[in-house]
Amino acid sequence: MQDLQETAVQSILITRWLGRNYHYLASTGSTNDLLKQMAAGDGRQPPTGTVLLADYQSQGRGRLQRRWEAPPGTALLFSVLLRSGWPAAQANWLTMIASLAAAQAISALCPALAVGIKWPNDVMVQQAGTWCKVGGLLLESEVDGNGRIPTAILGIGLNVNMTTAQLPQAATPPTSLLAATGQPVSRRALLAALLAELETLYETADSGQSPQQVWQKQLITLGQQVKMTEVGNGRTLHGTASGTNLWGHLQVTDASGQVHTVTAGDVTLR
Ligand code: BT5
């Protein structure tokens, strides 16, 4: 699609470094997989802030090897390489700032939409009074011997111009910006706005400041009755999402008043 090719995107980018090294592909398996290979390759190492975008993914992935599906020409599907060097505990800040950047960019282009974040990695918009998933984040990072993250790949998928009939079957009700507003949205303008927000948020986080305060304001999960399935131990918790910490972990208070801090999991709002 021409709107997302290199020259078209470079001409409207306002970032200093994020996305300045930008690659477009009409189709690939998964942008996360390809960017990971490029970052690990023997050739010229792509710099931090490299963005790889595909108009279509045949093997698009969510967390836990779930599928991420979007027909050609309808979505933003891209990955960002960040050579952060942050301590491992801060890795989650990348998911937090990416979901914030996506929410802020959507608000800028679709001011009438209510936008929020569903913990831990869903970008949501309200449609006919219901929160629906319009995008998701997939962070993949490795920890080195010093407990730091030399390289992180941040995958971002946003449903932009899918018609209602093109939305996939999904656990959380899905939508697109077109379906929610009735208007097509420029993928190129949305991408440029998102990268600009992400660059600013990244620089603040890079100075050591947690995005928690700003991020928490957008979190639709807080104060809700939730069913939480923890990733890793598969434990299920029922309770109220009562707070978060600096690392973006979710606190769930159960009926007996005990507070459980969850680092990774799936939330169903009840
Ligand atoms: C996510 O996982 O939400 C992360 C999605 C990240 C996708 C991007 S696209 C660019 C980059 N390259 C990749 O290969 N991936 C990243 P998770 O929370 O596990 O949600 C996955 C679930 O969302 C699936 O099991 C479906 O139920 C649902 N789903 C699949 N496609 C969807 C879509 N287009 N819109 C809304 N929900 C979807």
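The values are calculated or read from the model by the stated rules, or taken from the named source; none is laboratory data. No experiment lies behind these values; they were computed from the predicted model shown. When we count neighbours, we look across all protein chains shown, and the Cβ atoms used for this are built from the backbone with ideal geometry, even at glycine. Accessible surface is based on the protein model in full, side chains and every heavy atom, while ligands, DNA and RNA are left aside. Shrake-Rupley method; radii C 1.70, N 1.55, O 1.52, S 1.80 Å.
Counting Lys and Arg as +1 and Asp and Glu as -1, each charge on the Cβ, what is the dipole of the range 1-110 about the Cα centre in debye, to the nearest 20? Value, rounded to 20: 340 debye. Couplings for the range 233-245, taken from phi via the Karplus curve 6.51 cos²θ - 1.76 cosθ + 1.60 with θ = phi - 60°, read 9, x, 5, 10, 10, 10, x, 9, 6, 9, x, 9, 10 Hz in order; Gly and Pro are left as x. Less than 5 angstrom separates the built amide H of residue 142 from those of 151, all sequence-distant by 5 or more or on a different chain. Here's the list of lysines a cross-link from residue 118 could span, going by alpha-carbon distance under 19 Å and ignoring same-chain residues fewer than 8 apart: 133, 217, 227.
Take the Cα of residue 227, step 7 Å toward its Cβ, do the same at residue 26, and the gap between the two points is 4.4 nm. Of the residues 145, 2, 238, the one whose Cα sits farthest towards the positive end of the charge dipole of the chain is 238 (charges of +1 on Lys and Arg Cβ, -1 on Asp and Glu Cβ, taken about the Cα centre).
Per residue, the accessible area of the range 22-101 comes to 38 Å², computed with a 1.4 Å probe over protein heavy atoms only. Taking the Cα atoms of the range 13-71, the ratio Rg/Rh between the radius of gyration and the Kirkwood radius comes to 1.00. Reported value for the chain: 130 Å³ per residue, from the convex hull of its C-alpha atoms.
Under the convention that each Lys and Arg Cβ holds +1 and each Asp and Glu Cβ holds -1, the size of the dipole of the range 176-243 around its Cα centre is about 340 debye.
Distance between the pseudo-spin-label points of residue 17 and residue 66 (7 Å out from Cα toward the beta carbon): 3.3 nm. Note: the range 85-161, Cα convex hull, 80 Å³ per residue. Here's how it looks for residue 260: its modeled amide H is under 5 Å from those of 252, 253, 254, which are all 5 or more places away or on a different chain. Other residues lying with their Cβ under 9 Å from the Cβ of residue 101 contribute a combined charge of -2, Lys and Arg counting +1, Asp and Glu -1. Other residues with beta-carbon under 13 Å from the beta-carbon of residue 191 carry, at +1 per Lys or Arg and -1 per Asp or Glu, a net charge of -3.
At a 1.4 Å probe, what is the % contribution of carbon and sulfur to the accessible area of the chain?
Roughly 50 percent of what the probe reaches on the chain is carbon or sulfur.
The spacing between the range 128-183 and the range 239-270, judged by their C-alpha centroids, is 21 Å. Around residue 220, with a cut-off of 14 angstrom between Cβ atoms, what is the net charge of the other residues, counting Lys and Arg +1 and Asp and Glu -1? Neighbourhood net charge equals +3.
The amide H of residue 21, built 1.01 Å from its N in the peptide plane, has 51 as neighbours under 5 Å, considering only residues 5 or more places off or on other chains. When Rg and the Kirkwood radius Rh are both evaluated on Cα atoms of the range 163-270, their ratio Rg/Rh stands at 1.04. Under the convention that each Lys and Arg Cβ holds +1 and each Asp and Glu Cβ holds -1, the size of the dipole of the chain around its Cα centre is about 300 debye.
A simple packing score, the average count of other Cβ atoms within 10 Å per residue, orders the peptides 179-185, 46-52, 159-165 as 46-52, 159-165, 179-185, with the highest score first.
Along the range 202-214 the Karplus relation, 6.51 cos²θ - 1.76 cosθ + 1.60 evaluated at θ = phi - 60°, assigns HN-Hα couplings of 5, 5, 5, 5, 5, 7, x, 8, 5, x, 3, 4, 5 Hz to successive residues, with x for each Gly and Pro.
For 24, 56, the ranking by accessible surface with the largest value first comes to 56, 24, using a 1.4 Å probe.
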